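Below is one structure, written out as C-alpha cells; comments come after it.
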Amino acid sequence: MKLFSRKKDAVVGVDISATAIKLIELEKKKSGYRLKAFANIPLPRDAIVENTVIDSIAVSQALLDAVEESGTKVKNVAIAVSGNALIIKTIQVPTTTEFELEAQISFEADQHVPFDIEDVYSDFQILGVNEDDPEVMDVVLVACKREVVDDYQLVLSEAGLITTCVDCAVFAIENAAEELGLLDVSSIELDAAEALDSDSEEGGAVALVNIGANIINVNILCNGKMMFVRDQFYGGQNLTELIQKAHAISFSAAEEMKKQSIAMVDSNVIAEFYDNLGSEISRSLDFYSANNTEDPVQSIMLSGGCALLPNIDLELYNRLGIEVRIFNPFEYIEVSPQGLDIEAVRAIGPMMVVPVGLAMRSFD
Ligand SMILES: Nc1ncnc2c1ncn2[C@@H]1O[C@H](COP(=O)(O)OP(=O)(O)OP(=O)(O)O)[C@@H](O)[C@H]1O
Ligand SMILES: [Mg+2]
C-alpha cells in the first residue's frame with residue numbers, strides 16, 4: 001500500500017533519512033533483481049530532524065550528489081515516510097466495496113486520525129472480512145501529515161526529481177522481504193522449525209525490525225499477512241550519545257569509534273544500549289503476542305544501520321530469546337554495476353532495505 005502513487009513509470013527508491021540520502025535503482029530479471037544504480041550520501045547532522053527538513057540546501061545538494069554518483073537516468077522517485085507524522089491503523093468498517101469505501105475514507109480517517117483531516121494524505125487497503133464479525137471488514141488506514149510529504153517533494157524537485165510514489169518505511173521493508181522470497185510460509189516454517197530443533201508448534205510469525213539512527217520500524221507478519229506495525233524512537237544515535245558521554249569525546253568522534261573500533265568502547269555502555277534496545281523491541285513483541293497468542297514470533301529479521309553492529313544478532317537473541325537473522329538484500333540481488341566497490345556495497349546491505357523496497361515499486 002502506498003500513500004499515493006501517480007504513474008506506472010520506473011522509479012528509483014530514495015530514502016531521505018536522518019543520516020543520509022540513500023538511492024537504489026533495480027532491474028527486474030527473469031531470475032530475480034539486479035542492482036542498476038546505488039548511492040549513499042551522508043547528510044550533515046541536524047539537516048533533517050524528526051522528519052522536518054531543516055537545511056533544505058544541504059538536503060537537495062545531497063540528492064543531486066546521489067543522482068550523479070549513482071549515474072541513474074530515472075527522474076521519478078519513490079520515497080518513504082515514518083515516525084510521528086504517520087498513522088497506520090487497522091480499523092473495522094461495515095462491509096462495502098472498495099469503490100464505496102474510497103468515497104467515505106476521509107470520514108473514516110477523521111474518526112481515527114489525531115490530526116486535522118485537511119492536513120493529511122490518506123490511503124487504505126481492505127484486508128478482508130473480519131474473522132469474528134462477518135458484517136464488518138478489516139481495513140488498513142494510513143495517514144501522513146501533508147507538510148512532511150510536501151517538504152520532501154520540494155527538496156526533491158529542487159534536485160530535479162519527481163515524487164511519484166509515497167510509501168511507508170514499514171511497508172517498503174515488507175515489500176523488500178516479500179519480493180526477495182523471505183516471507184514465503186514454507187521458508188519461514190522451515191527456518192523456524194530448525195531454530196526450535198524441530199519441536200515447533202504450527203504457525204508462527206516473523207518480525208521485520210529495522211533499526212536506524214533514531215527510529216525502529218517494526219512490522220510483524222504471520223503467514224505473509226501484516227499483523228502489527230509500529231515506529232519506535234530509539235536507535236544508533238542513542239549508542240553514539242552513550243559513547244560520547246562515557247568517553248568524554250565529541251559526537252563525531254563517538255560515531256567514528258562506534259563504526260571503526262567498537263572493541264575500544266566501554267563494555268558497560270554497549271550493554272546499556274542493548275538492554276534499552278531489547279526493552280524497546282520487547283514492547284512491540286509483547287503487544288503483538290498479547291493479541292496473537294497462537295502465533296508467536298519465531299524469528300526477527302534485522303536491518304537498518306544498527307544491523308551492522310558486530311554481534312547484534314546474538315546480543316538481541318540473549319535479551320529476547322528469539323532467533324535474530326540479519327537481512328541483507330544484496331545476498332539475494334545481483335550486485336554488478338560498473339565502477340562500484342561491490343564488497344563495500346554488500347557490506348552495508350542491511351542499511352539499504354528501505355530504498356531497496358522502494359525501488360521495487362517500479363514493478364508493482
Ligand atoms: N558500521 C556500522 N556500525 C555500527 N553502526 C553503524 C554502522 N554504520 C552505520 N551505523 C549506524 O546506523 C545508524 C544509521 O542507520 P540508518 O541509515 O538505517 O538510519 P537512518 O535511516 O538514517 O535513520 P532513521 O531511520 O532513524 O531516520 C546510525 O546511528 C549509524 O551510526
Ligand atoms: Mg531509516
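In this structure the amide hydrogen of residue 90, modeled in the peptide plane, comes within under 5 Å of the amide hydrogens of 141, none closer than 5 places in sequence on its chain. Once you've got the Cα coordinates, tell me which of 75/259; 22/89; 28/75 are over 22 Å apart. From the list (75/259; 22/89; 28/75), the Cα-Cα distance tops 22 Å for 75/259; 22/89. Tell me whether region 306-364 comes out rounded, prolate or oblate; compute the Cα gyration tensor, take square roots of the eigenvalues as a ≥ b ≥ c, and use a/c under 1.5 as the rounded threshold. Cα axes put region 306-364 in the oblate bin. A 1.4 Å probe run over the protein chains yields, for region 183-326, 48 Å² of accessible area per residue, whole-number rounding. For residue 271 and residue 334, the FRET efficiency from 1/(1 + (r/R0)^6), where r spans their Cβ atoms and R0 equals 30 Å, is about 0.15.
Using the Cβ-Cβ distance between residue 260 and residue 132 with R0 set to 51 Å, the FRET efficiency from 1/(1 + (r/R0)^6) comes to roughly 0.45. Per DSSP H run of n ≥ 4, the term is -39500 (n - 2.57); total these for the chain, divide by its residue number, and report the mean residue ellipticity at 222 nm rounded to 500 deg cm²/dmol. For the chain, the value works out to -11500 deg cm²/dmol.
Summarising the amide proton neighbourhood of residue 21: residues at separation of 5 or more, or on other chains, whose placed amide H is nearer than 5 Å comprise 41, 43. With a cut-off of 10 Å between beta carbons, the residues surrounding residue 59 carry a summed charge of -3, where Lys and Arg count +1 and Asp and Glu -1.
Seen from residue 274, the other residues with C-beta closer than 12 Å to its C-beta sum to a net charge of -4, counting Lys and Arg as +1 and Asp and Glu as -1. The separation of region 290-364 from region 91-125, counted between C-alpha centres, amounts to 32 Å.
Using the Cβ-Cβ distance between residue 147 and residue 75 with R0 = 30 Å, the FRET efficiency computed as 1/(1 + (r/R0)^6) comes to roughly 0.80.
Taking 7 Å steps out from each Cα toward its Cβ at residue 249 and residue 111 produces label points 5.5 nm apart.
Dipole orientation for region 183-326: of the candidates 254, 212, 232, 254 has the Cα lying most toward the positive pole (charges on Cβ; Lys, Arg +1; Asp, Glu -1).
Taking the Cα centre of the chain as origin and assigning +1 to Lys and Arg Cβ atoms and -1 to Asp and Glu Cβ atoms, the resulting dipole is close to 1400 debye. Once neighbouring chains are kept in place and the probe is 1.4 Å, which whole percent of the accessible area of the chain is contributed by carbon and sulfur? Exposed carbon and sulfur together represent 47 percent of the surface.
For region 22-159, what class follows from the C-alpha gyration tensor (a ≥ b ≥ c being the square roots of its eigenvalues): rounded when a/c is under 1.5, otherwise prolate if a/b is larger than b/c, else oblate? Before the final figure, lay out each step's value.
Working: a/c = 3.05, a/b = 1.66, b/c = 1.84.
Here region 22-159 falls in the oblate category.
Rounded is the label for the chain. Its Cα gyration tensor axes, ordered a ≥ b ≥ c, give a/c under 1.5. In terms of packing, defined here as the mean over residues of other Cβ atoms within 10 angstrom, the peptides 113-125, 65-77, 205-217 line up highest first as 205-217, 65-77, 113-125.
Taking a sphere under 11 Å around the Cβ of residue 333 and counting the other residues whose Cβ falls inside, with K and R at +1 and D and E at -1, yields a net charge of +1. For residue 80, the residues 5 or more places off, or on other chains, whose built amide H falls under 5 Å of its own are 16, 167.
The values are calculated or read from the model by the stated rules, or taken from the named source; none is laboratory data. All values reported here derive from a predicted model rather than from experimental measurement. Here Cβ is always computed from backbone atoms with ideal geometry, including for glycine, and neighbour counts include all displayed protein chains. Only protein heavy atoms, including side chains, enter the accessible area calculation; ligands, DNA and RNA are left aside. Shrake-Rupley method; radii C 1.70, N 1.55, O 1.52, S 1.80 Å.
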